[in-house]
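Report on the following structure.
The values are calculated or read from the model by the stated rules, or taken from the named source; none is laboratory data. Computed from a predicted structure; not experimentally measured. Cβ placement follows ideal geometry from the backbone for every residue including glycine, while neighbour counts extend to all protein chains displayed.
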Amino acid sequence: MSMPQDRWAWLPLGQMLVNEKVLTADQLNRALDRQRKTRERLGQILIDMKLIDEDILLKYLGAQFRKEPITRQDLAALDPDVVKLVPEEVARQYGVIAAQRSGRKLIVATADPLNVMALDDLRRATGLDVDFRIGPAGAIQDAIDKTYRKVTTAQAAGLVVIVAVTAINVRGLRKEGSHWESDALGKSKVKIRVEVHGGIGSVNLIAD
């Protein structure tokens, strides 16, 4: 099915799908009735009703917003240094993930391109100009789970290395099972405590 992106002025997603004979008017009306009750996104409702699949949804959303969709393969190969530009709590709140950066422009993947509030909050959180590409919701969530886990593990490993180097000049360093503690750092009254569980370390600095 051919679908040039400049074919429409702005049309609602449902009307686009009816015009292209992907849906009947009756199917769209049933989906809209359900949307009024659940407040879910229309695209997700259509998928849940098995009237379209995720690839069809992305194709038409991309045409509607004149944006190239982001693929599952792209989402599985994101750069962790780009991902961490968006705080994890913000990414999870809005179901978005940072995908590309060029200068001051940051591209995020989202399944909900109508969420203007999310883009505004992302601009405030990152200090960058934020634009979006549309991606499959499930793949975006998987990318959030996997990529932030990698970022957290790398940061924890980096902390362990820093403390290990610092410990050369620390007096009173002792090992207690999987814990290392120092009661003094030079003349300052600071306790360094490193805990390692399953290969992941955490560091606590505790003032006496």
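Across region 48-65, the qualifying residues are those that are more than 15 Å from Asp112 (Cβ to Cβ), in a helix (DSSP H, G or I) and of a type in the set (A, V, I, L, M), and the one among them that is modelled with the highest pLDDT is Ile56. Note on region 21-47: among residues that are modelled with pLDDT of 95 or more and part of a loop (DSSP other than H, G, I, E, B), the one that is surrounded by the fewest Cβ atoms within 10 Å (Cβ to Cβ) is Lys21.
Please find, within region 100-113, the residue that is farthest from Ala139 (Cα to Cα) out of those that are basic (Lys, Arg) and part of a strand (DSSP E or B).
Quick first cut of region 100-113, residues basic (Lys, Arg) only: 101, 104-105.
In the following step, the residues that additionally are part of a strand (DSSP E or B) were identified as 101, 105.
On the way: Arg101: 20, Lys105: 23 Å.
Among residues in region 100-113 that are basic (Lys, Arg) and part of a strand (DSSP E or B), the one farthest from Ala139 (Cα to Cα) is Lys105.
Against the list (1) surrounded by 15 or more Cβ atoms within 10 Å (Cβ to Cβ); (2) modelled with pLDDT under 95; (3) in contact with a helix residue (DSSP H, G or I) (Cβ under 7 Å, 6 or more places away or on another chain), the condition Met3 fails is (1).
Out of the residues in region 58-99 meeting the condition of being of a type in the set (A, V, I, L, M, F, W, C), in contact (Cβ under 8 Å) with a residue 60 or more places away in the chain and over 12 Å from Ala143 (Cβ atoms), tell me which one is surrounded by the fewest Cβ atoms within 10 Å (Cβ to Cβ). Going through the qualifying residues, I end up with Phe65.
Of everything in region 87-129, what is of a type in the set (Val, Ile, Thr) and within 20 Å of Arg66 (Cβ to Cβ)? Give them in sequence order. Matches in region 87-129: Val96, Ile107, Val108, Thr110, Val116.
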